[in-house]
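Before any comments, here is the structure.
Quick note: the coordinates plus some simple rules give every number you see, no bench work behind them. Source: prediction; values computed, not measured. Don't worry about glycine lacking a Cβ; one is built from the backbone with ideal geometry, like all the others, and counts go over all protein chains shown.
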Amino acid sequence: MDVNWLQVLVNSAVTGSLYLIASAGLTLIYGLCKFPYFAYAEYIALGAFIGYFVSEVMGVSLSGAFVISFLVVGAIGFLCYRGIFQPLARRGATIIHLMVASVALGLILRHLIPVFGDIFPVLEWSWSPSYFTADWAAFNLGSVRITGLWAWTVIAAIGLSIALHIMLTKSKIGKAIRATSSNPNLALASGIDVQKVIWITWSLGAGLAAIAGIFRGAETQVWPNTGWEMILPVFAVVMLGGIGNFYGAITAAFIVGLAENIGVVALTALGLSTSYRIGIAFIILIITLIVKPQGLAMLFRRS
Amino acid sequence: MDLSMYLLDLIVFIGIFSIMSLSLNLEYGFTGLPNFGKVVFFLIGAYSYALLSQAGVPFYICLIVGAIIAAVFGFLISLPALRLRIDYLAIVILTAGEIIRLIVKTEDWIGGGDWGTSVAPAIAISGTSPQVNILINIGLVYACLFICFVISRLLTNSPYGRTMRAIREDEVAAEALGKDRAKYKAQILMLGSAMAGLAGGLYVQYLHYVLPGMFMPIVTFTVWIMVLLGGPANCWGALLGACLVQIFDRGANLAKDLLTLPTDASNLQYILFGVLILLILIYRPQGLLKESAIKTRAINRIRKLKEPENNKGDYK
């Protein structure tokens, strides 16, 4: 079989970039609140739907869709924390209760999307998939095919990494997020407003999920399961990178992306169905948790 | 479908899901294992039953073997999973469940892939009315439920059950007292999986077909609602939760036909499920029934001695 390995590498970079954008927010939230936040999948789906509404139905530009989607889903993320998880945490809910609550919230948000679509038909939200109509120019670099969307995904991932790096290391709020994530009590004792840090992180994380949602929606389709379809690979990235570790997540996103694309080649060569593609991320996730639950975090630990 | 059939159908569903909620109650309620992949053991039991009955094996062997295969799978998952932290355990079981469903969905030679396959009913008497067939099913399901309930009660009231609660409350303390927590957790996961596998077999033989779409993660979540609503660590609570959730489910389906809503009612049903669970978690995390007290002969005797009227002459 003839495989264009350069194309596989490019595809891996694109998949990895998408996973990076999607997992950046989750790793921050998971690192801060110490429980797997399953409703994150619905932030991705909501982001895709809001982006779809703004850019396709209202006809605003795609960049406007990114900004509005980021802000709206960020606000939703804040409200979810303030309305559900903060009361739960204050009542001393166990980690299992928090996980179940996040699944419940995900269920509510996922099914609210078509309900909103039915009540306000102008939104054009429903269970049947819709598609972004933007026509992405595809161009060839030698033997490699690249579309405009892919190029933008990679650029967005690089831009996001640089922006988050600067934020986490240079800005006051970024340092506060890292401090709270590693030791909440010590952070509180040193005068950090932990509550505010948590609010900001939840909004920021939700907003990042929304951006990933638009990229995913533009690449495939927009429907209420858009988020759920990619949440387990995103968890794989977060676990492999080490929970709460942004630099680990960058590395892990590209490892998972590469593994998936090489895996597709391998699956085809073995004569298996390519729908097992998503299983590759599952296997990475399980192996990581069994062999090294702390993930790649130790590569990025500062002495 | 007339009303009597509808009610009988509801009773069968309550029975099958009571087995599921009893098994999750053992795992989560008593031992504190967050089994977020309950549906996968249900699926394994269901497909084992379907494939074995197609091979002409009698139904009781199909049910038992389905339960055993599910238990073996529970054991395999427990090998790596139980040494992990609680949130990792939840993710691993959830993920494993998605992989199994993906395999069943993709491989056409296992029960017809995405399109599913038909399953022969366990006990079929030709020439009888559908009511009689449903009654036979009720008998079968409730016999199994009775066995599972008795096992749960006996187990949780035994020293073994007290170890389970100890592991839930403080793993390290239990280990310090010489209880091998990984062994106990693995055994509970196996037992819970066997019960779920049994329920899966009963489910598909009643519905007469099996397809991967029946085993979405929402099933796991429904069982979680049953346990959390009824009251974790209380076997009666698990039954109560299963009843209430199934009745709620049916009621919502009936309301769908009677009411005209601006939107698809099945969406609203899931939203109501979600809201219900959030309300339980925030306002009544212990569920409707509180945890059942530990009953032993020693505790009973102390209780008797404390009551003044029984205090006389009882020096045995």
Counted charge near residue A:196, where neighbours are those whose Cβ lies closer than 13 Å (Asp, Glu -1; Lys, Arg +1): +1
Excluding residues on the same chain fewer than 8 positions from residue B:38, give the lysines whose Cα lies under 21 Å from its Cα. B:105, B:183, B:185
Which angle between 0 and 90 degrees, to the nearest 10, do you get for helix B:265-283 versus the longest principal axis of chain B when only C-alpha atoms count? 10 degrees
Okay, helix-only estimate at 222 nm for chain A: each DSSP H run of n ≥ 4 adds -39500 (n - 2.57), divide by all residues, round to 500 deg cm²/dmol; what do you get? -23500 deg cm²/dmol
List every DSSP H helix in chain A whose Cα atoms extend 27 Å or more along the helix's own long axis and whose mean Kyte-Doolittle hydropathy is at least 0.0. A:5-33, A:95-119, A:148-170, A:194-219, A:246-270
Within the set of other residues whose C-beta is less than 13 Å from the C-beta of residue B:84, count the net charge using Lys and Arg as +1 and Asp and Glu as -1. +3
Please report, in whole Å, how far the alpha carbons of the range B:3-310 spread along each principal axis, starting with the longest. 62, 43, 41
How big is D, in µm² s⁻¹, for chain A by Stokes-Einstein at 10 °C and 1.306 mPa s if Rh is the Kirkwood radius over C-alpha pairs? 80 µm²/s
Just how large is the dipole of the protein assembly as shown about the Cα centre, in debye to the nearest 20, putting +1 at every Lys and Arg Cβ and -1 at every Asp and Glu Cβ? 2680 debye
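Assuming 0.36 nm per residue, please report the length gained on full extension of the stretch residue B:286 to residue B:3 beyond their Cα-Cα distance.
Extra length from residue B:286 to residue B:3 when fully extended: 98.4 nm.
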Which net charge results for the neighbourhood of residue B:111, defined as the other residues with beta-carbon distances under 13 angstrom from its beta-carbon, given Lys and Arg at +1 and Asp and Glu at -1? -1
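Rounded, prolate or oblate: which fits the range A:204-263, taking a ≥ b ≥ c as square roots of the Cα gyration tensor eigenvalues, rounded meaning a/c under 1.5, else prolate when a/b beats b/c?
Values: a/c = 2.11, a/b = 1.31, b/c = 1.61.
Taking the square roots of the gyration eigenvalues as a ≥ b ≥ c, the range A:204-263 is oblate.
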Hey, in the GNM for chain A with a 10 angstrom Cα cutoff, which one of A:39, A:249, A:104 fluctuates hardest? A:104
Projecting each Cα onto the charge dipole of the protein assembly as shown (Lys/Arg +1, Asp/Glu -1 at the beta carbon, about the Cα centre), which of B:149, A:114, A:190 comes out farthest on the positive side? A:190
Along the charge dipole of chain B, Cβ charges K/R +1 and D/E -1, which of B:140, B:43, B:31 sits furthest on the positive end? B:31
I want to verify a result. In a Gaussian network model of chain A, Cα cutoff 10 Å, which of these has the top mean-square fluctuation: A:226, A:27, A:133? A:133
Who wins for biggest fluctuation among B:238, B:174, B:265 in a Gaussian network model of chain B, springs between alpha carbons below 10 Å? B:265
Straight-line reach only, C-alpha to C-alpha below 16 angstrom: list the lysines that residue A:196 could link to, leaving out same-chain residues fewer than 8 apart. A:172, A:175
Quote the FRET efficiency, to the nearest 0.05, computed for residue A:186 versus residue B:143 with a Förster distance R0 of 51 Å and r equal to the Cβ-Cβ distance. 0.30
Using only Cα atoms and rounding to the nearest 10 degrees, what angle (0 to 90) does helix B:297-306 make with the longest principal axis of chain B? 50 degrees
At a Cα cut-off below 12 Å, give the aspartates and glutamates reachable from residue A:34, other chains included and same-chain residues fewer than 8 away excluded. B:87
Counting pairs of alpha carbon atoms under 8 Å apart in space and at least six apart in sequence, what relative contact order in percent does chain A give? 35 percent
Among the chymotrypsin sites (Phe, Trp or Tyr not before Pro) within the range B:50-89, which fall in a DSSP loop and have no more than 11 other Cβ atoms within 10 Å of their own Cβ? none
For the range A:63-134, run through the trypsin sites (Lys or Arg not before Pro) and keep only the ones in DSSP coil with at most 15 other Cβ atoms within 10 Å of their Cβ. A:91
Relative contact order of the range A:199-256, defined on C-alpha pairs under 8 angstrom at six or more residues apart (%): 20 percent
With T = 37 °C, eta = 0.692 mPa s and Kirkwood Rh from C-alpha pairs, the Stokes-Einstein D of the protein assembly as shown in µm²/s is about 126 µm²/s
Sort largest first and round to whole Å: the equivalent ellipsoid semi-axes of the range A:225-303, each the square root of five times a Cα gyration tensor eigenvalue. 25, 13, 10
In debye, nearest 20, what is the charge dipole magnitude of the range B:1-151 about its Cα centre with +1 on Lys and Arg Cβ and -1 on Asp and Glu Cβ, if you could check? 360 debye
Taking the dipole about the Cα centre of chain A, with the C-beta of Lys and Arg at +1 and of Asp and Glu at -1, give me whichever of A:75, A:153, A:3 is farthest to the positive side. A:75
C-alpha long axis of helix B:86-106 to longest principal axis of chain B, angle in °: 20 degrees
